[in-house]
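J.: Let me begin by handing over the structure; questions about it come next.
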Amino acid sequence: MTSLIARLAAGSDARVFAIAGAGSRAAVQDLRLADGVELVDSPRAADVLLVAGALDPRHHDAVRRVHDALPHPRASVRWAGSRDVLVPGAAHVALGTDPSSAIRAAHQALMHGTMPTEPPLLPDEDPAPWRGVGPYGQGGSGMTGGTPYGRPMAELAPDRDGLRLDLLPTRLGPFSSLLPHGLELDLRVSGDILVGVEVAATGLAASATSASLFIRALTEPVSIAELEIGRARDHLRWTADALRLQGLRALSLRALRLGLHAAPGDHRAVERLAADIARTGIYRWSLPAADGARTELLAGARLGPSTRASGVGEDERQADPAYRSLGFAPLLGAGGGAAAAWRLRLAEAVRSLELAGRGGDTRSAVTGAVESPRGRLALGDAPSGRALGLLPTLIEGMEWGDAMATIAALDIDLDELGAVTAGTSAEAAA
Amino acid sequence: MVDLGPLAIASAVMVAALLAVLGSWLRAARRPSSRTAPERVPFTGGQPPSVHAWSRYHVRYYPMALLFLAFDMEMVFMYPWAVVFVGEGLVAMVEMGMFIGILLLGVLYAWRERAFRWT
Amino acid sequence: MSDLPVSLAFAAFSAVAVVAGIRVFRTDSMVRAAFYLLASFAAVGAIMVLLGAEFLGMVLILMMAGEMLVMAIVMVMYMMNPAGLNPMVMVHQHRTAIAAGAVAFLALAGVGLAGGVPQRPVTNPGAATGDLGRELLGNSMLVFQTAGVTLLGTMVGAIAIAAPRGRFGDADADSQEPALQPDEEPEA
Amino acid sequence: MSVALDAALGVAAVGGMLAVGSLALAFADEAAAAAVAGAPLRPRRLLVAPFRRAASALLTATTTTERPDGGGRALAPALLAGLAALAMSMLPLAPGVVPADPSTGFVVFSAAVAFVMIAVFLHGWSPNSTLPLHGAYRFGAVALSFQIPFLLAMLATALPAQSLSLVRIVEAQAPLWNVIREPLGLPIYLIVGLAVGLWGPLNLPDADDLAGGTSAEDSGLARWLWEAARTSMLVAVAALGSAAFLGGYLGPLLPGPVWVALKTALLLAVMAVARHALARARIERFVEVAWVLLVPLALLNVFVSGAFLL
């Protein structure tokens, strides 16, 4: 009986909580298509922890905390360029090779009981001393004082409804499925409304480098066909993530599969995907409605589709004679808002594939500032940096789900941000 | 005497399922896990929370909850009404129509006052 | 069913009703208190079913689920320390409370023991729901319609008093927080 | 003594039906996902997948949080499973064959649906963790909104039966199924049924934008039990929906239980497709639509279908 259960369990999909460190976001996303591996949103649901890419020492404790949140029996896989001691005992897989067989092997060994579970990494210390304190030894005092069971309670604060109820401080990130990994938000939540938002930390590793096409285009002319295929793939990858957030997992896999290999001939397939997405009713009942002040903020921030969705024709490609010679004109939305940005991203993916088909050997003529899938990209000035600056104003006062959809629509890429700003600081040092 | 047999059987089925799940849950929870304090930290992305999540939660849909309390009463009247509807005919239709019409005014008013929106 | 199982069930449900009722006041968590109350009501509903009022008993159970959820969320909203992380005593003025409880118990027990138990067995229990329906549409029509108006008044009143925003804007527009001391200026 | 025997039979039958229904739902869900994703369907793998998942859950430990409400955490999945079983025990399988037929069966089913909100709220409240807590309160909004349309959609089926017994409701459909007699009933019932079963476009409490919501802190067997309880509830909703609207065991040629299974499977398939073909609704949007659109439509359904009975 025991061996039957173990055999059955070993055949189940390995449930993986993945930490996507610097330079590994797309590779981790591709694992959603891997056989026998399932990425989950909470470490409590996982069997295996995958730690991918470079991570600064300041994130090490967070990684350890995530590790300790996994239930026993647990195993880890380190997927990085070089071995390190971040998670002792983790199997090492070189970045660039497929980790799914190592993950499956670890999962099977755990289920068969041939591999011991990993012990906790953090010392067994209470967050605050409480044992034996207070009249019942629970660490509290009075009605709401002290640190019962090691933590204080949330405190009262006035609210726009004229009621004084508790503000619940919530630190989201750095490894939350709701945010790009590396981003940490300090949220103050009253009910399901975010009444305070602060960007607490961004970036995964100071040594971030990115081989992204668009960063290469900053310094040298790049084939337009290559750039536009890259843009389409980027948009499709974003669509995959955003669809998942809205609960459409099957469509998300379809978008990801398209994004993996999209080529100029695929523009019909992308159009069909866009039509199927529209049929899910996502634009009618899922996404937050456009809001005047927020749309205006985005309209002035040169954030690519988010800006063009409100009808502002801001696109660096217009300044490039090579693009003009191909007859390029930016696609524009109307009214702004998340739904308009979604539609525009998908329409741009189609347009980019068509453009790539026409592009031939033409190379981009302008360097220094290019239009990345997220907006205007220049040395020292990444669209994600501007998006992060707007983020608190954009989501403050929103309901939780609306806020998460809005963050997703911004398409924040910390790798791109890190690479561009690291470039400037290196130049400044030189 | 009322025939309690069917209700007894239905309750027995419910209790059996409840106890089966409860028993498995308790057995699973008895196995030691989460021994250290960091293993028990609630998950929000890798940082520990600064306070307990339990708080005076601002239930922003409370006007709707109050409306529910009042409207729910209508169901009590509608069950017996449904049983005698065919027998009583038009009288039943008109009387319940009046009752429901009055209650729907309340929903209409709540909608006008945006009681179903809170974001 | 014979009498013995019914009597046993009656005893069991009574015990649940009483114990859960006591737990309402002996627990620290507001959510637990609300759900203990729900358990107590559900047991009373089951007793009503045992007494032959099948429809009313089941409806009591059905209604209480919604009501107690609303009770739980509103209690959490307004009580300090809603989850009882620091233990607290929910009962105040112990002596008065004990005295009042004892008097109420004795009075009710006295009524129960001294007052005669009505001996009007239900002739056709299956038709009870239908009888109720005919009563509503017939003799009690006016009561029934008045209930509708009362409920409408409840809805309108609840929304008018409680809604934070209405079609004319925020409910607390231009309002001031009261002063804490007698001769203090109110906070702007 | 016969009651005890009937109860034992009922437990076995309901357990079996819920298990088979859950497997069917898992299969339909994977098939719908594969169709939408454009991926190949691997039936052999699919059939063992639920058992593999269960075995892996058995071997994974159940974690706890810092200071949970232990009783609530244990009770929530058990209560939900119990409610699903309670509802399922009143499903008429063939003329004269039903595990339990209380004369107020319809009210009992309504009470089971009402208690779902207690189970889900308890499940999100008890871990003392932010994301589950938000899921719990979200379900409060969802549940208080779906109650009345759900009950009203069902209520219309009691009019022709002149009874609150589910057996009578099926019998009364012999001349004409309720899905035709009350065309609005089934769509409203199905929409709201998605919310009762925490499924697809109305799975707001366990949503992806809360990283799993009320079940974000669940692991191992505790997680599996919650998922199984949720699925069972959805199966019960589909089964009773087929009895109330699609005539239950009524149908030509085939024996009654086969018709029940086929009709339940049909509703489960519709729900499986809805999960992959429809986006999750914003909570505020659902609350407003439920009150302003579904409640009046459900009432209209009651009165219009009632008028045809006179």
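The values are calculated or read from the model by the stated rules, or taken from the named source; none is laboratory data. Not measured: the values here are computed from a predicted model. Counting neighbours? That spans all protein chains shown, and the Cβs are built from the backbone with ideal geometry, glycine included.
J.: Can you tell me which of C:L106, C:L132, C:L137 is in contact (Cβ under 8 Å) with a residue 40 or more places away in the chain, more than 30 Å from D:S126 (Cα to Cα) and over 21 Å from the mean Cα position of the chain (by Cα)?
T.: Going through C:L106, C:L132, C:L137 in turn, just one is in contact (Cβ under 8 Å) with a residue 40 or more places away in the chain, more than 30 Å from D:S126 (Cα to Cα) and over 21 Å from the mean Cα position of the chain (by Cα): C:L132.
So that you can scan it fast, the table gives a plain yes or no per residue for (1) out of contact with any helix residue (DSSP H, G or I) (no Cβ under 9 Å at 6 or more places or on another chain); (2) charged (D, E, K, R); (3) within 15 Å of A:F175 (Cβ to Cβ):
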position: A:S3; (1), (2), (3): no, no, no
position: A:A14; (1), (2), (3): no, no, no
position: A:P43; (1), (2), (3): no, no, yes
position: A:L50; (1), (2), (3): no, no, yes
position: A:G53; (1), (2), (3): no, no, yes
position: A:H59; (1), (2), (3): yes, no, yes
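J.: Then there is this: Could you give every pair whose Cβ atoms fall below 8 Å, whose first residue belongs to region A:102-126 and is within 16 Å of A:A90 (Cβ to Cβ), and whose second residue is aromatic (F, W, Y), counting only separations of at least 6 or pairs across chains?
T.: So the pair list comes out empty.
J.: Please work out if B:A70 is more than 14 Å from chain A (Cβ to nearest Cβ) and either crowded, with 21+ Cβ neighbours inside 10 Å or touching a Cys at 6+ places or on another chain (Cβ under 7 Å) (or both).
T.: yes
J.: Tally time: how many residues in region C:140-176 are buried (at least 18 other Cβ atoms within 10 Å of the Cβ), more than 24 Å from the chain's Cα centre (by Cα) and assigned to a loop (DSSP other than H, G, I, E, B)?
T.: Selection size over region C:140-176: 1.
J.: Mind checking which pairs have a first residue in region D:51-68 that is facing chain B (nearest Cβ under 7 Å) and a second that is part of a helix (DSSP H, G or I) and β-branched (V, I, T), Cβ under 6 Å, 6 or more apart or different chains?
T.: Close Cβ pairs satisfying both conditions: none exist.
J.: Could you list, in sequence order, the residues of region D:249-266 that are under 16 Å from the mean Cα position of the chain (by Cα) and crowded, with 19+ Cβ neighbours inside 10 Å?
T.: D:V260, D:A261, D:K263, D:T264, D:A265
J.: Quick one: how many residues across region A:297-326 are free of Cβ contacts under 8 Å to residues at least 24 places away in the same chain and either touching a strand residue (DSSP E or B) at 6+ places or on another chain (Cβ under 8 Å) or not in a helix (DSSP H, G or I) (or both)?
T.: Adding up the residues that qualify gives 3.
J.: While we're here: In this structure, is C:N86 within 14 Å of chain B (Cβ to nearest Cβ), surrounded by 11 or more Cβ atoms within 10 Å (Cβ to Cβ), polar (S, T, N, Q) and out of contact with any strand residue (DSSP E or B) (no Cβ under 8 Å at 6 or more places or on another chain)?
T.: no
J.: Pull up region A:48-61, narrow it to residues that are in a strand (DSSP E or B) and either modelled with pLDDT under 90 or under 19 Å from the mean Cα position of the chain (by Cα) (or both), then point me to the one that is surrounded by the most Cβ atoms within 10 Å (Cβ to Cβ).
T.: It comes out as A:L50.
J.: Please go through (1) crowded, with 22+ Cβ neighbours inside 10 Å; (2) within 8 Å of chain B (Cβ to nearest Cβ); (3) within 24 Å of A:A45 (Cα to Cα) for D:S103 and return the number of the only condition it doesn't satisfy.
T.: (3)
J.: To continue, here is another question. Which of the residues belonging to region B:69-112 are in contact (Cβ under 8 Å) with a residue 24 or more places away in the chain and of a type outside the set (A, V, I, L, M)?
T.: B:F71, B:E74, B:F99, B:G106
J.: A further question follows. What number of residues within region B:34-52 satisfy the criterion of being part of a loop (DSSP other than H, G, I, E, B), of a type in the set (G, A, S), facing chain A (nearest Cβ under 7 Å) and buried (at least 20 other Cβ atoms within 10 Å of the Cβ)?
T.: Looking only at that region, the number is 1.
J.: Could you list, in sequence order, all residues of region A:214-273 that are β-branched (V, I, T) and outside any helix (DSSP H, G or I)?
T.: A:T219, A:V222
J.: What are the residues in region A:337-364 that are at pLDDT below 85 and buried (at least 17 other Cβ atoms within 10 Å of the Cβ), if any?
T.: Within region A:337-364, A:G359 is the sole residue that qualifies.
J.: Also: If a residue has to be touching a residue at least 24 places away in the same chain (Cβ under 8 Å) and in a loop (DSSP other than H, G, I, E, B) to count, how many in region D:243-258 make the cut?
T.: 6
J.: Working carefully through the options D:L164, D:L159, D:L144, D:L151, find the one that is aliphatic (A, V, I, L, M), closer than 28 Å to C:V49 by Cα, in contact with a helix residue (DSSP H, G or I) (Cβ under 8 Å, 6 or more places away or on another chain) and surrounded by fewer than 24 Cβ atoms within 10 Å (Cβ to Cβ).
T.: Matching residue, one of D:L164, D:L159, D:L144, D:L151: D:L151.
J.: Of the conditions (1) more than 13 Å from chain B (Cβ to nearest Cβ); (2) farther than 29 Å from A:S212 by Cα, A:R65 fails just one. Which one is it?
T.: Condition (1) is where A:R65 drops out.
J.: Further question: So which residues in region C:1-33 are touching a residue at least 12 places away in the same chain (Cβ under 8 Å), within 13 Å of chain B (Cβ to nearest Cβ) and either in a helix (DSSP H, G or I) or among the acidic types (D, E) (or both)?
T.: Within region C:1-33, C:V6, C:A9, C:F10, C:F13, C:V16, C:D28, C:M30, C:V31, C:R32 qualify.
J.: I'm checking my understanding of the structure. Among residues of region A:15-47 that are facing another protein chain (nearest Cβ under 9 Å) and outside any helix (DSSP H, G or I), which one is surrounded by the fewest Cβ atoms within 10 Å (Cβ to Cβ)?
T.: Among those residues, the one meeting the criterion is A:V40.
J.: Which one is farthest from the other protein chains (Cβ to nearest Cβ), of the residues in region B:11-23 that are crowded, with 21+ Cβ neighbours inside 10 Å and more than 14 Å from D:S232 (Cβ to Cβ)?
T.: Out of the qualifying residues, it is B:S11.
J.: OK, next. Just the residues that are outside any helix (DSSP H, G or I) and of a type outside the set (F, W, Y), please, taken from region B:56-89.
T.: B:R56, B:H58, B:V59, B:R60, B:G89
J.: Across region A:273-290, what is the number of residues that are surrounded by 15 or more Cβ atoms within 10 Å (Cβ to Cβ) and charged (D, E, K, R)?
T.: 1
J.: Given the condition in contact (Cβ under 8 Å) with a residue 12 or more places away in the chain, outside any helix (DSSP H, G or I), at negative phi and more than 7 Å from chain B (Cβ to nearest Cβ), answer yes or no: does some residue in region C:47-56 qualify?
T.: So far as region C:47-56 goes, yes, one or more of its residues are in contact (Cβ under 8 Å) with a residue 12 or more places away in the chain, outside any helix (DSSP H, G or I), at negative phi and more than 7 Å from chain B (Cβ to nearest Cβ).
J.: Also, quick follow-up: Please find, among A:D186, A:D166, the residue that is within 29 Å of the chain's Cα centre (by Cα), outside the structural domain of A:V28 (by TED's automatic domain parsing) and among the acidic types (D, E).
T.: A:D186
J.: Can you confirm whether D:A111 is without any contact (Cβ under 8 Å) to a residue 12 or more places away in the chain and in contact with a Leu (Cβ under 9 Å, 6 or more places away or on another chain)?
T.: yes
J.: Can you find a residue in region B:99-118 that is in a helix (DSSP H, G or I), under 26 Å from D:S305 (Cβ atoms), more than 7 Å from every other protein chain (Cβ to nearest Cβ) and at pLDDT 90 or above?
T.: Checked region B:99-118: at least one residue is in a helix (DSSP H, G or I), under 26 Å from D:S305 (Cβ atoms), more than 7 Å from every other protein chain (Cβ to nearest Cβ) and at pLDDT 90 or above.
J.: List pairs: first in region A:396-411 and more than 13 Å from chain B (Cβ to nearest Cβ), second of a type outside the set (A, V, I, L, M, F, W, C) and part of a loop (DSSP other than H, G, I, E, B), Cβ under 6 Å, 6+ apart or cross-chain?
T.: Listed by first residue and then by second, the contacts come to A:D411/A:R374.
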